[in-house]
1. Multiply the residue gap between T117 and Q37 by 0.36 nm, knock off their C-alpha separation, and tell me the result in nm, one decimal place.
2. Please list, or write none, the lysines whose alpha carbon is within less than 23 Å of the alpha carbon of K19, excluding same-chain residues fewer than 8 places away.
3. Give me D for the stretch 98-149 in µm² s⁻¹, whole number, from Stokes-Einstein with Rh from the Kirkwood sum over alpha-carbon pairs, 20 °C and 1.002 mPa s.
4. Per residue and in Å³, how big is the convex hull formed by the alpha-carbon atoms of the stretch 4-142?
5. At a Förster radius of 25 Å, what calculated FRET efficiency corresponds to the Cβ-Cβ distance of K44 and L74, to the nearest 0.05?
6. Determine the order of V65, V107, V132 by accessible area, beginning with the largest, at a probe radius of 1.4 Å.
7. Please calculate how many Å² of accessible area the stretch 19-85 carries per residue, with a 1.4 Å probe and no DNA, RNA or ligand atoms counted.
8. Using only the heavy atoms of the protein chains and a 1.4 Å probe, how would S34, S125, S161 rank by accessible area, largest first?
Amino acid sequence: METDTMSKLEKVFDTPNKKAFIGFLTAGDPDADSTVQFILEMEKAGADLIEIGIPFSDPTAEGVVIQEANIRSLSNGMTTDGVFEIVKRAREQSEIPLAFMTYVNPVFHYGYEKFFTKCEELGISAIIIPDVPYEEKAEVEAPAQTHGVKVISMIAPTCPSGSIMEIVNTALSDTIPATDRSINPPLIAIVMP
């Protein structure tokens, strides 16, 4: 399903060097008002896309800095609805492409359909869910695609080479016509050690 949010995501990488500046922040750290302001300031500073971390109590794929940001955010009362409210407020002043980074538990608990409906309403272009193995992402990907949200697969340093090729080939076939793979790169997050 081609949507405006997917088009925005693909346009982010439609540059001569196929690169983009992607900013990241954890929603609610230190508070909701600051998060809205940080999103707007990152756009002013030249970010092409902003990745918003939805805080989770057990962020196992994160380093200590982002783990601590998650803890501060949750300690201050941030919720998934609170993150959606932050995005809504930012959207009043900005149309910059946005992506979420979270874990499957908050999305599952919220309800896939309800979660991705809200994403579509607010123009969220993509989501990264590092604790969903590539082989099991269909459960999340189907409702996400229905609402125009791209699920970005991750490749970890420990990923077997056969799996890496499968992930890359799927990303290529999902995003780039076989006739012209030079236009848009595959959307894959690569985790560096």
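The values are calculated or read from the model by the stated rules, or taken from the named source; none is laboratory data. As the structure is a computational prediction, the values presented were derived from the model and not from experiment. Please note: Cβ atoms are built from the backbone with ideal geometry, for glycine as well, and neighbour counts cover all protein chains shown. We work out accessible area using only protein heavy atoms, side chains counted, and drop any ligands, DNA or RNA first. Shrake-Rupley method; radii C 1.70, N 1.55, O 1.52, S 1.80 Å.
1. Details: separation 80, 0.36 × 80 = 28.80 nm, distance 2.47 nm.
So the chain would gain 26.3 nm between T117 and Q37.
2. Correct list for K19: K8, K11, K44, K150.
3. Working: Rh = 10.8 Å.
Translational D for this selection: 198 µm²/s.
4. On the way: hull volume 16.4 nm³, N = 139.
That works out to 118 Å³ per residue.
5. On the way: r = 28 Å, r/R0 = 1.12.
Between K44 and L74 the formula returns 0.35.
6. Values: V65 110, V107 0, V132 30 Å².
So, going from the largest accessible area down, we get V65, V132, V107.
7. On the way: 3310 Å² over 67 residues.
Solvent-accessible surface per residue comes out at 49 Å².
8. Values: S34 30, S125 0, S161 90 Å².
Highest to lowest solvent-accessible surface, that is S161, S34, S125.
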